[in-house]
């Protein structure tokens, strides 16, 4: 009987001490989507991208309060050639 209580206590402490994940996208993206389900996602460079993401699902687009005015560089895709 005492074992489940000890396991539950250890799990509770581990979860309370573990670092919490920041909002997706962090401070690097200027727009956040707050979905009607309660989830937040800050992975949008433009308001239009955010609006398309919430379209049909429900939610609100708002500026990211943690945005620091710097966007990460775009990915450079290199075409792979096998010869």
Output yes when any residue across segment 8-15 is modelled with pLDDT under 90 and assigned to a loop (DSSP other than H, G, I, E, B), and no when none is. no
Kindly indicate whether residue 5 is at pLDDT 55 or above and in a loop (DSSP other than H, G, I, E, B). no
Within segment 36-64, how many residues are surrounded by 13 or more Cβ atoms within 10 Å (Cβ to Cβ) and within 12 Å of the chain's Cα centre (by Cα)? 6
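The values are calculated or read from the model by the stated rules, or taken from the named source; none is laboratory data. Just so it is clear, the model here is predicted, and its values are computed rather than measured. Note: ideal-geometry Cβ built from the backbone for every residue, glycine included; neighbour counts use all protein chains shown.
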